[in-house]
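The structure appears right after this line, and notes come after that.
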Amino acid sequence: MNKQAGFTLIEVMIVVVIIAVLASIALPSYNDYLTRGRIPEATSNLTIRRVQMEQYFQDNRQYTGFPLCATPDTTNKYFDFSCAAAPTATTYTLQAVGKGTMAGFTYTIDQANTKATTAAPAGWTGNATCWIVRKASGNGACS
């Protein structure tokens, strides 16, 4: 007798189903992981720009005329940085607006160091008092 080796169609299909189930669980988690890893580009750059804004105020005794407000910074990979509105002598609001895979996110910070997530994509919840850094609800998602 001649014995044949190999896999049956049923065995191959079982392996395909197992891989599909694992992928359906792993891919959304991995995408959330990538998103959480891109958020610090916005939060750290907003913090840096806030310090620059305060240094500008120390030199000029007003916020008006800050260069970022005249020309938005669009050179970053995942966020564009600008002023949400023209700064006054005593107030400003800086913002980071997501682009590409981060579209839908908008983070802001103002002269009082008030941080807010004014827009968030589906599945994420905005927060008027903090920067959202994960999908968890409530202040557990804030940085």
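From the largest down, region 94-143 spans 28, 24, 12 angstrom on the principal axes of its Cα atoms. Computed over neighbours whose Cβ is under 14 Å from that of ASN31, the net charge equals +3, Lys and Arg +1, Asp and Glu -1.
If you average the sequence gap of Cα pairs under 8 Å that are 6 or more apart and divide by the length of region 9-141, what percent do you get for the contact order?
Values: 191 pairs, mean separation 19.8, N = 133.
This gives 15 percent for region 9-141.
Loop-located trypsin sites (Lys or Arg not before Pro) in region 89-143 (DSSP state other than H, G, I, E, B) with a sparse environment of at most 16 neighbouring Cβ atoms within 10 Å: LYS99, ARG134, LYS135. Relative to the longest principal axis of the Cα atoms of the chain, the long axis of helix 9-60 makes an angle of roughly 10 degrees.
Think of it as helices only: each DSSP H run of n ≥ 4 in the chain is worth -39500 (n - 2.57), and spread over all residues that comes to -14000 deg cm²/dmol at 222 nm.
The Cα-based radius of gyration and maximum Cα-Cα distance (Dmax) for region 1-124 are 24.4, 96 Å. The magnitude of the dipole of the chain, with charges of +1 and -1 set on the Cβ of Lys/Arg and Asp/Glu and taken from the Cα centre, is near 200 debye. Taking 1.002 mPa s as the viscosity and 20 °C as the temperature, the Stokes-Einstein diffusion coefficient of region 41-101 based on its alpha-carbon Kirkwood radius rounds to 183 µm²/s.
Only the coordinates and a few stated rules stand behind these numbers; no lab work does. Just so it is clear, the model here is predicted, and its values are computed rather than measured. Note that each Cβ is placed from the backbone with ideal geometry, even for glycine, and that neighbours are counted across all protein chains shown.
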